[in-house]
Amino acid sequence: MSDELLSVENLKVQFETVEGVVRAVDGISFDVREGETVGLVGESGAGKSVALSSVLRLVDSPGRIVAGEVTFRDETIVGFEDDSSGNPVPREEMLTDREMRERIRGREIATIFQDPMESLNPVFTVGEQLQEFIEINRDLPPKDARDLAIDTLREVDIPQPEDRFDDYTHEFSGGMRQRVLIAMALACDPSLILADEPTTALDVTVEGQLLNLISELQDDYGTSFVWVTHDLAVVAEICQRVNVMYLGEIVEQAPVDDLFHDTQHPYTEALLDSVPRPDRTTEELTPIKGVMPEAINPPPGCRFHTRCPEAREACRATNPSLKEVGGKQGHRAACLIHDAFAADYEDSDPIQQDEGSFGEQLRSAGGVDE
Amino acid sequence: MSDAADPLVRVEGVKKYFDASGGLFGGFQVDLDGGFPVQYAPREVKAVDDVSFEIRKGETLGLVGESGCGKSTLGRTVLRLLQPTEGNIYFKGQNVADLGKEELRRTRQEQQIIFQDPGSSLNPRMKVGPIIEEPMKAHGLHDPAGREERARELLETVGLDPRHYNRYPHQFSGGQQQRINLARALSVDPEFIVCDEPTSALDASIQAQVLNTMRELQEEFDLTYLFISHDLSVIRHICDRVAVMYLGQIVELGEKEEIFEHPKHPYTRSLLSSIPVPDPRLSGDREVLQGDVPDPADPPSGCRFRTRCPELIAPEGYAFGDGEWEAVRAFMRAVARREFDPDDRSAVEESYFGGGLPGGEAGEVVDEAVGMVVEDRWEAAESLLSESFAENSVCAREFPDYEAETASGRQHTVACHLYSDG
């Protein structure tokens, strides 16, 4: 697509632990176009945050990007080729760490994280931190950087920005701190902002203020967003396209309206049925049974089959990859239930649920002792 | 359940203040204008301020509000885990607020609490079985064998495997840990459970499992819940009646459907309109409440919500034309927040009073304030506007408390002057 800004292809991130290799992100592909907000939704442990940090190559040891391509405009952020012995090594044109630091992070791609206190330094004033960030990234003299910092604070609706400039982070409320992070992200006029659950820890009214603020700023600056969240309501509110993640994989990818009104994957369906609604009274919630398995030892076949109400024997054998379904452009799902997969789902026997009355397994590796 | 029946819990005028002066001499103030020069005047945070409500037997009363509004403090005060500063709390007709230590301990058998973080309320060194038996031990129920039998029974009741009796808490997931907390609370066969954000730390699918279990348990054991949450969707799902709290006070209390379908208090309305809905076709421009919650140590006079209220009542004594009061209010807010950069007078007037300044006395005040702003005297402008308008509104002068009309004729309390004749 011509206006494509970021493209992620077949990205794999693994963590080597004492107990084995955790495949936190296992071959995901998605793209982001100019000026749009793309959602990455899933429960905790689905690999959303790891996927997001690998876009900026910020995965910490023991985590490692082992395969895949991440392209931002014409720059290769992640790219591999096979060396003489067939092992994947970084390609020549992949940006160096120095280029990532000086050209990409902060300037082209900015981030907003969930906990603002982890991104702000408590021993410097809010203004100093913002000013320093602007000085370094935009090569401005201190005086101009200060003016720009105050303007940016006003832009994100911080009251009395001149006075608050000299306050410390602990003198700001949670919502105000998150506004400071948004100001910091916006200060260099980046093309893309990666947001990792930025409103999750906030009150609904503050969350509402921030969601409104972000959509206004997006209209003004045309910034693209990748928005990681577990909250489907936030997705419905701000995203244009959505990727639903389960256990390191994307199971459904669709424009937001199709995702909610023409749902094609049983996991998305189940997720939608399990949340109570603020706008109507639900008599009975239908929870997804069990808990998400550990990524260290994912179930064979389709990873959702252990909890899926539609699971059949065929699902144990094949792990489907995303295919276009439902006859709509850009709507992909990874479920054998669709004809597009040509699996003999129809003739396959439904899986007998054998967990008995205690659906949830213990999470320790030892399992259940009899 | 009839309204005439005695409520299980009745809370009357409960206040809970915390001393926030800090330090050895924090509460002392030096005053040299005659009298004794040193005064003791501690800074008090009014976490809960004059709250009254009832909980009927077998119902779930929801307590909803933003963080810092005092809902958890209220929940704990109801159980007297915190000593109320003032007020009475009747549990089955007995005033819990002035019980002696031993009597109070005995009421614990009938009242239990579940906290938000399931992990930190379980002792990591104890096995699950003994954790569940602990309250029975404290209240001298059953012999050891009987307690173990009951613990295993309870594990099964809350949806866990009784064979996990000898497991440690860390071996369970968050949802399962919350089930263990439920089992422990149920072990002494209580009538009343305070649930303080019990599902907030859980994933959506796990939250649904736990909420369903809580409902089943309520039916099975005839429990009464006080359900504290900031999540309006969860409150709507699980509660029968809902109390909305703002800055230490209950601003609206009524039947669930009434609160969600016909909210009366401007705060409830703002709260409801700011929640995102999981449906892209229903999301759109939302009315979002502006500003932050004021400092609970120094709450606004009269109605505490007035500083953020979109429907602040116009002060008497001024003749406002159509839309003029709204414009003045917007200007007042902008001044308080130093929202704009005043370059020249006409630009400020144009952006806040497009159709010209209001007439009469109000216009003169606004005119003077705009002048001050242009001269960069923000504080003077702010106090002038506030003294002339905001402080004169009935909202600032009187504390509101009214019963409102509802379609169903059930009791519905709204603390807002808009309903003064209702």
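Read the figures in this text as sums done on the coordinates, not as results from a lab. None of the values given here were measured: they were computed from a predicted structure. Neighbour counts run over all protein chains shown; Cβ positions are idealised from the backbone, glycine included.
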*Could you bin all the Cα-Cα distances of the stretch B:221-365 into 5 Å bins starting at 0 and give me the percent of pairs in each, rounded to whole numbers?*
1, 7, 14, 16, 16, 14, 12, 9, 6, 3, 1, 1, 0, 0
_Let me spell out the model: positive unit charges on the Cβ of Lys and Arg, negative unit charges on the Cβ of Asp and Glu, origin at the Cα centre of chain B. What dipole size does that give, in debye rounded to 20?_
2460
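Output the DSSP H helices from chain B with an along-axis C-alpha extent of no less than 20 Å and a mean Kyte-Doolittle hydropathy no less than 0.5.
B:360-374
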*asked:* Please compute the modelled spin-label separation between B:Asp222 and A:Val21, points set 7 Å along Cα→Cβ, answer in nm with one decimal.
replied: 6.0
*For B:Glu86 and B:Tyr40 in one chain, what is 0.36 nm times their gap in residues minus the Cα-Cα distance, to one decimal in nm?*
14.6 nm
_Distance from the stretch B:335-359 to the stretch A:265-283 (C-alpha centre basis), Å_ = 46
*Specify whether the C-alpha gyration tensor of the stretch A:251-341 places it in the rounded, prolate or oblate class, a ≥ b ≥ c being the square roots of the eigenvalues: rounded for a/c under 1.5, otherwise prolate if a/b is larger than b/c and oblate if not.*
oblate
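Counting only other chains, what is the mean number of Cβ atoms within 10 angstrom of the Cβ of each residue in peptide A:229-235?
4
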*Based on a Kirkwood Rh over C-alpha pairs, give the Stokes-Einstein translational diffusion coefficient of the protein assembly as shown at 25 °C and viscosity 0.890 mPa s in µm²/s.*
83
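Mind giving me the FRET efficiency for A:Lys289 and A:Ser173? R0 is 30 Å, r the Cβ-Cβ distance, nearest 0.05 is fine.
For A:Lys289 and A:Ser173, the calculated efficiency is 0.15.
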*For A:Asp151, what is the net charge nearby, where nearby means another residue's Cβ is under 12 Å from its Cβ and Lys, Arg count +1, Asp, Glu -1?*
-3
*Alpha carbon centroid spacing (whole Å) that separates the stretch B:240-291 from the stretch B:78-144*: 32
*Ranked highest first by the average count of other Cβ atoms within 10 Å around their residues, in what order do B:339-345, B:288-294, A:185-191 fall?*
A:185-191, B:288-294, B:339-345
*asked:* Can you tell me, using C-alpha contacts under 8 Å and at least 6 residues apart, the relative contact order of chain A as a whole percent?
replied: 17
_Gain upon complete extension [B:Glu12, B:Glu287; 0.36 nm per residue less C-alpha separation]_ = 95.6 nm
_Cα-based shape type of chain B, given that a ≥ b ≥ c are square roots of the gyration tensor eigenvalues and the cut on a/c is 1.5_ = prolate
*Can you put A:Trp227, B:Trp325 in order, fewest other beta carbons within 10 Å first?*
B:Trp325, A:Trp227
*Go ahead and set up a Gaussian network model of chain A, Cα springs under 10 Å, then flag whichever of A:Pro278, A:Pro116, A:Pro287 fluctuates most.*
A:Pro278
*What ranking do A:241-247, A:150-156, A:119-125 get when scored by the average of other Cβ atoms within 10 Å per residue, highest first?*
A:241-247, A:150-156, A:119-125
*Magnitude of the charge dipole, the stretch A:81-170, Cβ model with Lys/Arg +1 and Asp/Glu -1, debye to 20*: 120
*Using only Cα atoms, locate the centre of the stretch A:292-339 and the centre of the stretch A:64-119, then give the distance between them in Å, rounded to an integer.*
29
*Could I have the simple spin-label model distance between A:Ala201 and A:Asp166, label points 7 Å from Cα toward Cβ, reported in nm to one decimal?*
2.8
*asked:* Tell me the net charge near A:Val13. Cut-off is 14 Å between Cβ atoms, A:Val13 excluded, with +1 for each Lys or Arg and -1 for each Asp or Glu.
replied: -1
*Along principal axes, Cα extents of the stretch B:29-173, largest first, whole Å*: 73, 36, 30
*Lys/Arg +1, Asp/Glu -1 at C-beta; the stretch B:333-414 dipole; positive extreme among B:Leu357, B:Cys395, B:Ala380*: B:Cys395
_Cα-based shape type of the stretch A:1-84, given that a ≥ b ≥ c are square roots of the gyration tensor eigenvalues and the cut on a/c is 1.5_ = oblate
*Enter the mean number of other protein chain beta carbons within 10 Å of the beta carbon of each residue in B:197-207, as an integer.*
6
*Mean Cβ count within 10 Å, highest first, over the residues of peptides B:210-222, A:82-94, A:132-144*: B:210-222, A:132-144, A:82-94
*B:His170-B:Ser200 FRET efficiency (beta carbon distance; Förster radius 25 Å; 0.05 resolution)*: 0.75
*Are any of the pairs B:Lys15/B:Lys127; B:Lys137/B:Lys256; A:Lys289/B:Lys264; A:Lys12/A:Lys289; A:Lys48/B:Lys127; B:Lys16/B:Lys127 more than 32 Å apart by Cα-Cα distance, and if so, which?*
B:Lys15/B:Lys127; B:Lys137/B:Lys256; A:Lys289/B:Lys264; A:Lys48/B:Lys127; B:Lys16/B:Lys127
*How big is the equivalent ellipsoid of chain A along its three axes, where each semi-axis is √(5λ) from the Cα gyration tensor, reported in whole Å from largest to smallest?*
38, 25, 20
*Segment B:Asp298-B:Glu398, extension gain: residue separation times 0.36 nm, minus the distance between their alpha carbons*: 34.4 nm
*asked:* Can you give me the Rg/Rh ratio for the stretch B:324-392, using Cα atoms for both radii and the Kirkwood formula for Rh?
replied: 0.91
*Relative contact order (percent, whole number), the stretch B:215-284, Cα cutoff 8 Å, 6+ residue spacing*: 18
*asked:* Using a 7 Å offset from the Cα along the Cα-to-Cβ direction at both A:Asp219 and B:Phe28, what is the distance between the two label points in nm, to one decimal?
replied: 5.8
*Which value, to two decimals, describes the C-alpha radius of gyration of the stretch B:237-313 once divided by 2.2 N^0.38 Å?*
1.20
*How well do other chains shield peptide A:197-205, expressed as the mean number of their Cβ atoms within 10 Å of each residue Cβ?*
5
_Let me check against my output: what whole-number percent is the relative contact order of the stretch A:251-341, with C-alpha pairs under 8 Å and at least 6 apart?_
32
